[in-house]
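Take a look at the structure below.
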Amino acid sequence: MAAQMTDAHRRFLQVLMSNGITEGSEARKLHQHCCETDKVYYAHDKLDDFISTINSHLQPLFMQIRKGISEDDGRAHYAVVNLAETEVTKMASDYTEMELELFRKTMDLIILSENGFASSTDILNLADQLKTKKMKKKEAEQVLKVFVEDKWLSEKNGEYTLHTRCIIEMEQYILSNYQDVARKCNICHSLAIQSQVCESCGIGMHLPCVRKYFRGQAEPRCPKCNEFWYCDTPGVSRMGSQTHHRAPLLVVDDAS
Amino acid sequence: MSQRKRSKGFGSSQMTDGEDDFIPTQTERRSQDQVNQKVSELVQFLLVKDQKKIPIKRADMLKNVIREYRDAYSEIVNKAGKTLQEVFGLQLVEIDSKRHTYILINNLPCAEGKYLCRDEEKEKMGLLLIILSFIFMKGNSVKDSALWEFLHLLRVYPGRQHQVFGDVRKLVTEEFVRQKYLEITPIPLTDPQEFKYQWGPRAEKEISKKDVLNAVAKIQGKDPTFWSSQYSEAEATR
């Protein structure tokens, strides 16, 4: 029999769910707060045990608190996810069919892109091609805003990528539905949406992983083919300076 | 354990006893696994729907989740309620027994500090608490004109965009009402039509009158017992 849940566990779970996604240090503070509020045993290094108690009770419901790494800064984040292979239609919110279709198409653009970003112009151009019902550009703009607020997408200078929450929740779905396109990071072996790609052998790496890997190396070389790594020096933002384009040769139908 | 105690009272009053479609032999007709599958689906459904705090209709549960398990409806809803209680600290409450609508209310003891609600929600909840306090201190019911006059003092005007609340009239008369925090009823035989504002069922379940009274007393620098009828009501509903 799994460890009993206390009100501290329930409180932690409630806040995590209402946050959508919680950064690691925030989660540690929350752990302490919950244990103190509900007067249960607290040890600062026992967050993992605390979470696995909750997870043992979430498991029969096909839910789980999962940890993921942000592609921006490499920091750990926690989110409550649906375990049954999450499809776009099961995203934890009640979006309309039309909104979900726009999300699916946006996800296609992002995943098929070279650097993991899709421009707002490209996304808004999808709006009147929706099968469910055409959407006005204005409406689509509003929907994109909601996706960002709900932490499914994140936006930088008019370019959109998948939010860490979305990646934590849908990693399995993306890996199985975009098998030939979705890249895995050569360092941490998890899904890489925003990544740098080797110009000669085509492997991808997360930016934070690139930074870590090349730290202290005289000359950046690809970990696989040992060719010189031509991408911008890690740490320097590539966004903005680089125009984004879709990967060539990839003409893939809807993931649906 | 504390949650055992709390979950006991559950299922008796809030649940739909005496449903016309209640069939006592339901467990024999469905395997336990199938029923449990429906229970998890219903829990997820309720959690998603609850995000916007809009009451959930029984008809929607039947249509979207329970479907062909209609005969096991009571069992599935009871079990989902028990799980929500034990795992999430949320209580499934039927707030309208005629129309069969449910809400989830937070059952954990109130916490202090920053984790009460999402950041975006905080300001709105602040306004709501002020309105609820006003209603409570005025004897549990106020006219619309009195409420807006009071809000006027706080520079919150119904006709104007507020920089934090946006369309305040919409927030108060639509959003808070839909979320069942407020109840607005027309006062008969008034021309022009007047309305009275009262606490809605969600407010009654989620918000402690004692906390409200204590906060008001603190602001006014008086002892809570100064307001004797509010004080006895707060003590009684605690």
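At a threshold of 30 Å², the residues of the range A:47-70 that become less accessible to a 1.4 Å probe in the full protein assembly than in their chain on its own are A:Leu61, A:Phe62, A:Met63. GNM on chain A, alpha-carbon springs under 10 angstrom: the most fluctuating residue among A:Thr22, A:Thr164, A:Thr96 is A:Thr96.
Can you pull the percent of the range B:119-232's accessible area that's carbon plus sulfur, 1.4 Å probe, other chains left in place? Kindly include the intermediate steps, with their values, before the conclusion.
Working: 3450 of 6720 Å².
Exposed carbon and sulfur together represent 51 percent of the surface.
Once a ≥ b ≥ c are taken as the square roots of the eigenvalues of the Cα gyration tensor of chain A, is the result rounded (a/c under 1.5), prolate (a/b larger than b/c) or oblate (a/b not larger than b/c)? Cα axes put chain A in the oblate bin. Which pairs in the list A:Lys151/B:Lys98; B:Lys57/B:Lys170; B:Lys122/B:Lys218; B:Lys82/B:Lys210 are over 32 Å apart, alpha-carbon to alpha-carbon? Check vs 32 Å cut-off fails for A:Lys151/B:Lys98. Of A:Ser113, A:Ser195, A:Ser18, the residue with the greatest mean-square motion in the GNM of chain A, using alpha carbon springs below 10 Å, is A:Ser18.
Determine the shielding of peptide B:95-108 by partner chains: average, over its residues, the number of Cβ atoms on other chains within 10 angstrom of each Cβ.
On the way: counts 0, 0, 0, 0, 0, 0, 0, 0, 0, 0, 0, 3, 3, 8.
Taking the mean over all residues of the peptide, I get 1.
Accessible area per residue for chain A, computed on protein heavy atoms with a 1.4 Å probe, is 50 Å². Computed over the range B:119-232, relative contact order equals 25 percent, with contacts defined as Cα pairs under 8 Å that lie 6+ residues apart.
Site pair B:Asp33 and B:Ile187 shows an inter-label distance of 6.3 nm when each label is modelled 7 Å from Cα along Cα→Cβ. Each listed q (0.12, 0.16 Å⁻¹) maps to a log10 I(q)/I(0) for the range A:25-136 from the Debye sum over equal C-alpha point scatterers, namely -0.65, -0.92. Both numbers refer to the Cα atoms of the range B:57-176; Rg and Dmax are 18.8, 55 Å.
Can you pull out the buried accessible area for chains A and B, both sides counted, probe 1.4 Å, rounded to the nearest 100 Å²?
Working: alone 13860 and 14530 Å², together 26020 Å².
About 2400 Å² of accessible surface is lost on pairing.
The local environment of B:Leu147, defined by Cβ-Cβ distances under 14 Å, has a net charge of 0 under the rule Lys, Arg +1 and Asp, Glu -1. Using the 1.4 Å probe convention, the accessible area of the range B:119-232 works out to 59 Å² per residue with neighbouring protein chains retained. Interface residues of the range B:42-85, defined as those losing at least 50 Å² of solvent-accessible heavy-atom surface relative to the isolated chain (probe radius 1.4 Å), are listed as B:Gln44, B:Val48.
Tell me, what is the FRET efficiency for B:Lys205 and A:Lys131 to the nearest 0.05, using R0 = 35 angstrom and their Cβ-Cβ distance as r? Walk me through the numbers on the way to the answer.
Numbers: r = 43 Å, r/R0 = 1.23.
After rounding, the FRET efficiency stands at 0.25.
First obtain the Kirkwood hydrodynamic radius of the range A:160-235 from its Cα pairs, then insert it into the Stokes-Einstein equation at 37 °C and 0.692 mPa s, and state the resulting D in µm² per second as a whole number. Estimated diffusion coefficient is 251 µm²/s. Only DSSP H runs of four or more residues enter the estimate; each adds -39500 (n - 2.57), and after division by the residues of chain A the mean residue ellipticity at 222 nm equals -12000 deg cm²/dmol. I'd like the carbon and sulfur percentage of the solvent accessible area for the range A:1-53, probe radius 1.4 Å, heavy atoms only, ligands and nucleic acids excluded. Whole-percent figure for carbon plus sulfur exposure: 52.
With charges only on Cβ, +1 for K and R and -1 for D and E, what is the dipole size of the range B:119-232 about its Cα centre, in debye, rounded to 20?
Details: 17 positive and 16 negative charges, 47 e Å.
In total the dipole reaches around 220 debye.
The values are calculated or read from the model by the stated rules, or taken from the named source; none is laboratory data. Keep in mind that what you see is a predicted model, and the values were worked out from it rather than measured. Backbone-built Cβ (ideal geometry, glycine too); neighbour counts: all protein chains shown. Areas reflect the complete protein model, heavy atoms only, side chains present, ligands, DNA and RNA absent. Shrake-Rupley method; radii C 1.70, N 1.55, O 1.52, S 1.80 Å.
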